[in-house]
Amino acid sequence: MSLILVGLNHESAPLAVREKAALSPEQVALTLKGLRDRERISQALLLSTCNRTELYAVVGDAGVSLPQVRDTVFTSRIPELNGGADSFLYEHLDTEAVRHLFRVTCGLESLVLGEQEILGQVKNAFEISRSAESVGTVLHRLADHAFKVGKRARSETRIGYGPVSVAYAAVELAEKVFQTLEGRGVLLVGAGENGVLCAEHLISRGVEPLLVANRTLERAETVARDLGGEAFSLDGMEEAMARVDIVVTTTGASGAIIDEEMVRKVMHMRESRALVFIDIAVPRDVDPEVDRVPNIFRFDMDSLKSIVDQSITRRRKEVPAVERLIDAEVAGFMRWWESLASGPVIRDLNRVFEGVRAHEVERNAKRFQSEDREQLDIFTRNLIRKLLAGTAQRLKHYRAGNPEEMERLAALREAFGLDEGKDEDDADA
Amino acid sequence: MINTELFLTILLDLLPVFYAVAFFDYLLVFVTNESTVRRLARPLLITAVLVNLVYLLAYTVYFEHIPMVNIYQVMGAVGFAVAATYLWVETKTGTPHTGPFILFLVLAFQVVNTLFPKLDRDVPDILKSALLSVHVSMAVLGYSAFAVAAVYGLIYLLQYRAIRTKKFGLVFRRFPSLDILDRMNTYAASFGLGFLTVAIITGAIWSTHVYGAVKIDPKVLVAFLTWALYGVALLGRRFTSWRGPRMAFSSVLGFLVVMFSMVAVNLFLTKFHIFVS
C-alpha cells in the first residue's frame, strides 16, 4: 500500500495552468467519484485552492495508480500539461507525501508564509471527500494529524506572527499609537478600491465614526452608504480631519493634497491630539513635510511594506522550528502506518487481550484456592489463544499491498483500541 | 538583640541580589521575549518586593521608627515604592517590556542603600514623631511616583521617535502603544502630585509645631518648584494642547528637578532636613 500525491502549486506552475487546474467543490466531488468508479481508487483527498491543486490517495500499487491519477485530475483536462510540460507537476510517495501535506497545513508551502487560511481550506477539502465517501480510516487519520500539526505550528512557533498585508500593517501601526482602535474616528480620502479595503479592515476593529471625502461628492456618498459612514467633498476635509484620529488617503491625484500648512491648522483645531495618516496612494497624497508637525504619525506605502517585509523575515526564521515539529509528526504517523500489516496487528491484539486476561486473573485470584490458581492461569491463556487463533489465521492471508484489506486492519486497530496510549508518544517523538 | 540586627543586615545585603536577578530576567524578556524567562519575571520581582517589605517592617518594629533616617535609607524606600508601583502598572498594561527600565532605577537605589548601611540607634527624638513619619513617607511616595512617571515619559519619547522615524525595531515592537505610555505617565505624575501635596502640608504643620513657624530652605523651595511644574503640566494636559510628547518631556524634566532636590541640595546646600550626620 502507498500514499501518493500528485499536484501543482504557485511555485511549480504558472497562473495560466493553475487556474485551469482549479476545481469547484462540485467538480471535486465528481472527480473523486470518477476515480472510485473507473480507477478503483476509493480513498482520495482532492485539495483545490487558487494557488494549488493536489490529490492525495491511498493505493495498492503506486506504479499503476500514479499515471491514472495524473491523467484523470490533470493532463486530460489541461492541454498545457501534455507534450513534455510535465515539470509543472510534482509527485511524492509515502513519507514524502505525508510530509508535503503537513507542510501545506503549516503554511510552509503557501505564497504568504504561515498564513492561516490554508488550514480551513484543507478542512473543507476533507469534508468534500468525506461526503463523496472517499475517506477511509487511513486518510482520516492522516487528515487529523495534518490539522493537529498545523495548529501546533501556529501555537508553538511564531510562524503566524506579524502583519503580512498592507491593511494589517496599517492596523498594527495605528495600534502602536492608540492601543485600541475602538471608538477612534477614520476619514477615508478618495474612494478607490484599496482605500475601501483598508477601511473595511479598520471597521472590523471597531472604528467609529467613518467619514468619506472624495473629489466627486456622489462617489463619496455611495461609498459612505456602503460602509455606513458620512460623506464630504474635498473642501470639507479640514473639518473632517479635526473630527477623526486616522486618515486613510488613496486618491489618484498627481501631487500631495494634504500639506504642512493644512495639517498645522487641523492640529490647532484638534488641540494637538495625535493624528495618524495612512497614505496608500502612489504618488503620495500627504506631503512628507507634514512630519515636522508634532504628534503627527505619517505612514506611506514604503513604511507599510517595510513592516510587512519584517514580519515575513521573522516568519522565515521560524521555518526550522516548524520543520522539526513536522518531522516528529511525520515519524509518528509513519509508525502507525507501518503497524497496518497483519504481523503488527496480530501482535498488538495478543498484547491487548493478554493485558486484560492478566489483569482479571490477578483481580480474581483470591476467589480461588492456591492449588487452583495455576489451572485458572492455564485455562484463561488457552481461552485467549483459541479466541484469537481464527482471527490471526485469516489476517495472515492479507496481502501487504491491498488498500481495502489495509483499511480493515486500520478499522480493527481502532475497534480494539490498539493505538490507545500511543498518540502521546507520537507527539513527543 | 544582636540576632535581629544580623537578620536585618543579611536581608539588606540580599536585597540588591534579589532585585538584580529580577532585573536581568526582565532584560532577557525584553531582548528575547522567550516564554520561560517571561513566566519567571513576575514571580522573581514579587519575591524581591516581599523580601523588601519584610525588611522594612522588621526594621520599623525593631528600631521603633521608619527606616528613612538618612539619604541612603530614603533611596532604598524610594526603590521599594517604585518596584511596588511597577508591579501594579504591569498588571494594568499587561506587558512586561517596560520592566527593565524601571527596575534599573530600583536596582541602583537598592545598591546605594546597601553599600552605605547605617543601623543607627541614636536617632533624634523628633524623628520619632508620627506626623513626621507621614511627611517623610508621603514625600518618598511622591518622589517615587515622579520617578515612575519619568521612566514612562522617557519610554514614550523613545517610542514616539521610533514611530515617527519609521524605525520598526526592538523599541517599536516591545514597548506598549503611545496611548498606554501617556496614560501611565499621567497616572504616575498625578499620584506623585497628590503625595507631594500631602507631604508639603504635613511638613508645614510639623514645622510650625516644632519650630513655631514654617521654615523655608532650598529643599523646600525645590519641592514647591517641583509641585508647581507637575501641577502646570497636568493642568495643561487637561485643558490645553500640552499632551503627548510635551507631557512626556515635562515628566522627564520634572524628575531631573527632583533628583537635584534629593541629592545636590541634601548634600551641599542645607542643614535643615538633615538630622543625622
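The values are calculated or read from the model by the stated rules, or taken from the named source; none is laboratory data. Given the structure is predicted, the values throughout are model-derived calculations rather than measurements. Cβ: placed from backbone, ideal geometry, glycine included. Neighbour counts: every protein chain shown. For accessibility, only protein heavy atoms count, side chains too; no ligands or nucleic acids. Shrake-Rupley method; radii C 1.70, N 1.55, O 1.52, S 1.80 Å.
A few points about this structure:
- Two-site FRET efficiency, A:Leu111 against A:Ala328, from Cβ-Cβ distance with R₀ of 30 Å, rounded to 0.05: 0.70
- With all protein chains modelled, accessible area of B:Thr226 [1.4 Å, Å²]: 0
- In nm, spacing of pseudo-spin labels at A:Met269 and A:Glu80 (7 Å Cα→C-beta vector): 5.2
- Scaled against the 2.2 N^0.38 Å expected of a compact globular protein of N residues, the Cα radius of gyration of the protein assembly as shown reads 1.36.
- Backbone phi angles across segment B:140-148, fed through the Karplus curve with coefficients 6.51, -1.76 and 1.60 (θ = phi - 60°), yield HN-Hα couplings of 5, 4, x, 5, 5, 4, 5, 5, 4 Hz in residue order; Gly and Pro are listed as x.
- Take segment A:274-360 with all the other protein chains still there, run a 1.4 Å probe, and you get 43 Å² of accessible area per residue.
- Inter-probe distance in nm under a simple model that places probes 7 Å from Cα toward Cβ, at B:Thr4 and B:Ser35: 4.8
- Among the GluC sites (Glu not before Pro) within segment A:208-302, those in coil by DSSP and having at most 15 neighbouring Cβ atoms inside 10 Å are A:Glu271.
- Of the chymotrypsin sites (Phe, Trp or Tyr not before Pro) in segment A:238-338, not one is in a loop by DSSP (not H, G, I, E or B) with at most 15 other beta carbons within 10 Å.
- Of all DSSP bridge pairs formed entirely within chain A, close to 45 percent run antiparallel.
- A straight chain from A:Ser306 to A:Glu239 at 0.36 nm per residue would run longer than the Cα-Cα distance by 21.0 nm.
- B:Val61 contributes an accessible area of around 120 Å² to the protein surface, as traced by a 1.4 Å probe with all chains present.
- Label zone at B:Arg173 (point 7 Å along Cα-to-Cβ), backbone N below 17 Å, segment B:143-159: B:159
- Within a Gaussian network of chain B (alpha carbon springs, distance under 10 Å), most fluctuating of B:Leu40, B:Leu229, B:Leu178: B:Leu40
- Using θ = phi - 60° in the Karplus curve 6.51 cos²θ - 1.76 cosθ + 1.60, the 3J(HN,Hα) couplings for segment B:159-175 round to 5, 4, 5, 4, 5, 5, 8, 6, 9, 8, x, 4, 4, 4, 6, 7, 6 Hz; x is entered for Gly and Pro.
- Cleavage-rule hits (GluC sites (Glu not before Pro)) in segment B:1-98: DSSP loop, at most 16 neighbouring Cβ within 10 angstrom: B:Glu34, B:Glu64
- Relative contact order (%) - chain B, alpha-carbon pairs under 8 angstrom, separation at least six: 19
- Of A:Lys123/A:Lys305; A:Lys148/A:Lys305; A:Lys33/A:Lys123; A:Lys265/B:Lys167, those spanning more than 29 Å from alpha-carbon to alpha-carbon: A:Lys123/A:Lys305; A:Lys148/A:Lys305
- Of all the options A:His268, A:His201, A:His145, the one that moves most in a Gaussian network model of chain A with Cα springs shorter than 10 angstrom is A:His268.
- With DNA, RNA and ligands ignored, accessible area of A:Asp144 (1.4 Å probe; Å², nearest 10): 80
- Threshold 20 Å², segment B:161-177 residues less accessible with all protein chains present than alone (1.4 Å probe): B:Ile163, B:Arg164, B:Lys166, B:Phe168, B:Phe172, B:Arg173, B:Ser177
- If only the Cβ of Lys and Arg carry +1 and only the Cβ of Asp and Glu carry -1, the dipole of chain B around its Cα centre is close to 1260 debye.
- Two-site FRET efficiency, A:Lys386 against A:Arg351, from Cβ-Cβ distance with R₀ of 25 Å, rounded to 0.05: 0.90
- Placed amide H near A:Phe232: partners under 5 Å, 5+ positions off or other chain: A:Val212, A:Ala213, A:Asn214
- In this Cβ point-charge picture (+1 for Lys and Arg, -1 for Asp and Glu), the protein assembly as shown has a dipole of about 1280 debye about its Cα centre.
- Apportionment of accessible area to carbon and sulfur, segment B:1-112, percent (1.4 Å): 76
- Efficiency of FRET from Cβ geometry, A:Glu133 and A:Asp71, R₀ 25 Å, rounded to 0.05: 0.65
- Using 0.36 nm per residue and subtracting the Cα-Cα separation, the extra length available between A:Arg38 and A:Ala415 on full extension is 132.7 nm.
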